[in-house]
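Down below is the structure, laid out as C-alpha cells.
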Amino acid sequence: MCELGLANRLVGRTGFCTHPGEVLKGIPKVGGTKDVNLAKVRALAPTHAIVNVDENTKATADALTAFVPNLLVTHPLGPQDNLTLYRQIGEAFGKAREAETLCARYQFALARSQEHAYPERKVLYLIWKDPWMTVSRDTYISRTLALFGLHTVPEAPDARYPKLPGLGHTEADLILVSSEPYRFTEKHLPGIERLSGRPARLIDGEMTSWYGPRAIAGLDYLSRFACSL
C-alpha cells in the first residue's frame, strides 16, 4: 500500500504489519493475523480489507464480508506471484501505473539475482521449535529458496508446514534457521548443529517469506546469502 502511494488510505493494520515503521506507527492496530479484533475493524469503517489465505483464518474473512464492501484475498505461492499481487492491489485502488513500476523493479531484481550459478543444496528450513517445524515445497518460501539452488526437505511431507520428530535423521546438507516466526538467533545454532549433525546458518525470515515490495530486497539478500555459503 505504501509503495503504491496509498499510505493515506490505511485505517488499520495488524501488529505484524511493521514496514515502513515511520508511516505505520500512527496506524491503529487491530490485533494479529489469527486474532483480528473485528469490533475494532468495524469501528474503523474500511471500504477495503486485504486478507491472506495462509495468514488469516477463513472465519475472519467470512466475518469481514458482513461489513467491509471490498475484500481482497491474496495468496502468493511463488516468486512470480508478486507481480499478480502488485497488480491486484494497484487495480483495486486506481494505482495501476505505480503497480507496473513495482513489477519492473521486481523483474529487474529477479533477473539480476539469476545472473549467478548457485550450487544445488538440500536444506532444512526451520520455522519453529517445540515442536520443530519446517516448510514443504508447496510454499512461497520453498519456491523462493529454489531460485538460489536451495531445495527444501523433506521432499514430500504430509503438510505444508510439517512438524518434525527431531533433527537427527535429516537428509539436508545444511540447516537454515529462520529469524521468524520463531525468533531464532545465533545462540540457537550450536544446539541445532549438535542435534542434526549438520552445519546451521541463521537466515532473515523477512527476506524469504515476505512477498510484496519486501520481496525485491529479498532477491538481492538471498543472492548474497547463497553466494556466501
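Derivation of every value follows stated rules applied to the coordinates shown; laboratory data play no part. Note that the structure is a prediction, hence the values are computed from the model and not measured. Here Cβ is always computed from backbone atoms with ideal geometry, including for glycine, and neighbour counts include all displayed protein chains.
When DSSP beta bridges are limited to those with both residues in the chain, what percentage is antiparallel, rounded to the nearest 5? Intermediate results must be reported in sequence, preceding the final value.
Working: 4 of 21 bridges.
Bridges in the chain that DSSP calls antiparallel: roughly 20 percent.
Angle of helix 214-228 to the longest C-alpha principal axis of the chain, folded into 0 to 90 degrees and rounded to 10: 10°. Taking label points 7 Å from Cα along the Cα-to-Cβ direction, ALA159 and ASP62 give a separation of 2.2 nm. Sequence-ordered 3J(HN,Hα) estimates for the range 59-73 from the Karplus curve with 6.51, -1.76 and 1.60 and θ = phi - 60° stand at 4, 5, 4, 4, 5, 5, 5, 6, 9, 10, x, 10, 10, 9, 9 Hz, glycine and proline given as x. In this calculation the C-beta distance from ARG13 to ARG97 is compared with R0 = 25 Å, giving a FRET efficiency of 0.50.
Using a cut-off of 32 Å between Cα atoms, the listed pairs LYS40/LYS163; LYS25/LYS163; LYS25/LYS187; LYS163/LYS187; LYS29/LYS122; LYS29/LYS95 include LYS40/LYS163; LYS25/LYS163; LYS29/LYS122 as exceeding that distance.
The gain in end-to-end length when the HIS75 to LEU44 segment is fully stretched comes to 8.7 nm, 0.36 nm per residue minus the alpha carbon separation. How far is the Cα center of the range 55-81 from the Cα center of the range 117-188, in Å? So the two Cα centres are separated by 26 Å. In terms of overall dimensions, the C-alpha atoms belonging to the range 146-186 reach 27, 27, 21 Å along their principal axes, ordered largest to smallest.
Taking only the alpha-carbon atoms of the range 121-228, what semi-axes of the equivalent ellipsoid follow from 5 times the gyration tensor eigenvalues under a square root, in whole Å, largest first?
Values: eigenvalues 81, 46, 35 Å².
Three semi-axes, in Å: 20, 15, 13.
Sorting the segments 199-207, 164-172 by their residues' average number of neighbouring beta-carbon atoms within 10 angstrom, most packed first, yields 199-207, 164-172.
In terms of other Cβ atoms within 10 Å, ILE50, ILE175 run from fewest to most in the order ILE50, ILE175. Excluding same-chain residues fewer than 8 positions from LYS58, which lysines have a Cα within less than 16 Å of its Cα? Counting by Cα, and skipping residues close in sequence, LYS58 has these lysines nearby: LYS34.
Compute the orientation-averaged projected area for the range 1-75 from the convex hull of its Cα atoms and round it to one decimal in nm².
Working: hull surface 18.8 nm².
Quarter of the Cα hull surface area: 4.7 nm².
With the gyration tensor restricted to C-alpha atoms of the range 60-174, the semi-axes of the equivalent ellipsoid amount to 32, 23, 8 Å, longest first. For the chain, the convex hull drawn through the C-alpha positions has a volume of 128 cubic angstrom per residue.
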